[in-house]
1. Return the residue satisfying two criteria in turn: it lies in the stretch 1-27 and is open to solvent by less than 70 Å² (accessible area, probe 1.4 Å) and among the β-branched types (Val, Ile, Thr), and of such residues it is farthest from PRO312 (Cα to Cα).
2. Just to be sure before I move on: is VAL384 in contact (Cβ under 8 Å) with a residue 24 or more places away in the chain and under 33 Å from the mean Cα position of the chain (by Cα) in the structure I sent?
3. Quick check, is GLY76 assigned to a loop (DSSP other than H, G, I, E, B), away from ligand 2 (no atom under 13 Å from the Cβ) and open to solvent by less than 50 Å² (accessible area, probe 1.4 Å)?
4. Does LEU194 satisfy the condition of being among the aliphatic types (A, V, I, L, M), touching a helix residue (DSSP H, G or I) at 6+ places or on another chain (Cβ under 6 Å) and open to solvent by less than 60 Å² (accessible area, probe 1.4 Å)?
5. Quick check on this structure: which one of ALA180, ALA104 is in a helix (DSSP H, G or I), under 30 Å from the mean Cα position of the chain (by Cα) and within 12 Å of ligand 1 (Cβ to nearest atom)?
6. Quick check on the stretch 57-68. Is at least one of its residues touching a residue at least 60 places away in the same chain (Cβ under 8 Å), open to solvent by 60 Å² or more (accessible area, probe 1.4 Å) and within 16 Å of ligand 2 (Cβ to nearest atom)?
7. With respect to ALA483, determine if the residue is more than 30 Å from GLU358 (Cβ to Cβ), open to solvent by 70 Å² or more (accessible area, probe 1.4 Å) and among the small types (Gly, Ala, Ser).
8. Would you pick out the residues in the stretch 33-56 that are crowded, with 16+ Cβ neighbours inside 10 Å and among the aliphatic types (A, V, I, L, M)?
Amino acid sequence: MVSKVLISDPLSEEGIYPLRQNEELEVVIDVNNSPEDLANKIIDYDALIVRSQTQVTRALIERAKNLKIIGRAGVGVDNIDLDAATEHGIIVVNAPDGNTNSAAEHTIAMLMALARKIPQAFRSIQNGQWDRKSFIGVELKNKTLGIIGLGRIGVEVAHRAKGQRMNVIAYDPFLTEEKAKKLGIDFGSVEDVLRVADFITVHTPLLKETRHLLDDKAFQLMKENVRIINCARGGIIDEEALYNAIVAGKVAGAALDVFEMEPFLDHKLLSLPQVIATPHLGASTVEAQESVAVDVSKDVISFFKGEAVVNPVNLPSMSKEALAKVAPFFDLAEKLGVFLSRLQNIPMLEINIHYAGELANYDVRPLTRNTVKGLLKRNLGTHVNDVNAKLLADQFGIKVNEHKTTTSKGFLNLMTVEIITDKGNRRIAGTLLNGLGPRIVKVDDYVVDVIPTGHLLFIKHRDQPGAIGRVGTLLAEEQVNIATMQVGRDAAGGDAVMMITVDNHVEPKEVERLKKLSDIYDVKVIAL
Ligand code: NAD
Ligand code: MLT
């Protein structure tokens, strides 16, 4: 089936070439829609790709009944309601690396233009003036650049500032002394940075904690004649506070690529001669636009092929190596969950997933998500998926615990899933046998060896002569062909289980007949 992809912001045509080449995808470019138009159109689409203009709000997501993936061709996902996407099981991917270089270069371009008043001088010469007095600038050499937020772009800016012989001091909650030393920069608290810097540039995401990070109080701490650069996100700087600090003569100038409201041209900051600005151009280079569009296109293609995506935003990302180790267990993990949910359909209080053997050395979160998805699927159907499985479990008050041990008796790897209910606990264990594929090896305390596929009958019975024969005869009468059969028991004459794989679905009336046979306690039909 062909999946429909809507691209609602302008993207590099070269960058989306991989999408266009894919026969399973129909790509529609439809930009500059009003929110109302987009809300009317989105219902038709399986994927949406945006830059920063399209506001992917909760209301839009609620209309997007077929949407499965949102791709953000860029870093910042503040234009996407991530909570709403996660709740609706929509995966969000971005392209975090593709525009790092361009954004860092733009920051340095703004820093230099600000220091030397290049845009103001150009405007003046354009107006026919040869004015050399009004545009005396300052040097960068030996000045201190304060960087707040030392992630991908912050680090690149630090390298380039060192090239200008600037001293660099940075604050980032993840910045260690060792990393600062390696970069040849100083580090301190936000206040330290504010107090000593001649230029301050911010490179954090826009979060609750970073909104108005530079406010009145922050400006008061700064040096006289400090210069400010924001090529990250509007809102990190309180624009009113910045305006006041410039008018008061505390701040000598500001270079802004981003604004609290975008697009917004009639801003009083823009009327100040000390302010230079660009309309959110940090990532606007041929190279960056191609690179982010390629990255996001590749992830959208992988997603529809059922492969792991490289840059998930609302799922933990993993290294390729770790993914290669756990990916073969994806299907088994989900099937263990499905199987268990068929054994016991009463509210779960807790899910314990035990990983034993080699698996315990890896990040098993994708397996946990798949198991939880399998467990919830019985009651939630397609409403549950990898993205929202854990969230839904949380919302239902089900605790999900992962346990790991590198020792595993008899198996190289073993996954055991246990559900705790107020009517008792149930367990199932499975493994991947080298060269033979997945097996269910234990159900509750019964040792079995079953390939988890097709139609299964799980029958609890008393270990008595004739019990197995009666089941076989009844299934034959009902034209149900047995493919394989496994029996496990706790002791001779005690409780036992039959795991029967059959070629066709077993109807409810056949189940009822089976349940009435003597020595049969319970019959469950499981489709895997
Ligand atoms: P990143 O995730 O690599 O780095 C962000 C850093 O900010 C992280 O190291 C994080 O620890 C730090 N941080 C978070 N909260 C902080 C706080 N309270 N104080 C100090 N540091 C804090 O992101 P990035 O790729 O470097 O992007 C940085 C910013 O630039 C983002 O806002 C992104 O959206 C923006 N961006 C803008 C453009 C543009 O066109 N102007 C282009 C690309 C990226
Ligand atoms: C980003 O976050 O990647 C930038 O804002 C670039 C953009 O999308 O224009």
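The values are calculated or read from the model by the stated rules, or taken from the named source; none is laboratory data. Quantities reported herein were computed from a predicted structural model and do not represent experimental measurements. Note that each Cβ is placed from the backbone with ideal geometry, even for glycine, and that neighbours are counted across all protein chains shown. For accessibility, only protein heavy atoms count, side chains too; no ligands or nucleic acids. Shrake-Rupley method; radii C 1.70, N 1.55, O 1.52, S 1.80 Å.
1. Checked the stretch 1-27; the qualifying residue farthest from PRO312 (Cα to Cα) is VAL27.
2. yes
3. No: the conditions fail for GLY76.
4. Numbers: among the aliphatic types (A, V, I, L, M): yes; touching a helix residue (DSSP H, G or I) at 6+ places or on another chain (Cβ under 6 Å): yes; open to solvent by less than 60 Å² (accessible area, probe 1.4 Å): yes.
Judged against the criteria, LEU194 is a match.
5. Going through ALA180, ALA104 in turn, the sole match is ALA104.
6. No, that holds for no residue.
7. Numbers: more than 30 Å from GLU358 (Cβ to Cβ): yes; open to solvent by 70 Å² or more (accessible area, probe 1.4 Å): no; among the small types (Gly, Ala, Ser): yes.
For ALA483, the condition - more than 30 Å from GLU358 (Cβ to Cβ), open to solvent by 70 Å² or more (accessible area, probe 1.4 Å) and among the small types (Gly, Ala, Ser) - is not met.
8. Passing the criteria: LEU38, ALA39, ILE42, ALA47, LEU48, ILE49, VAL50, VAL56.
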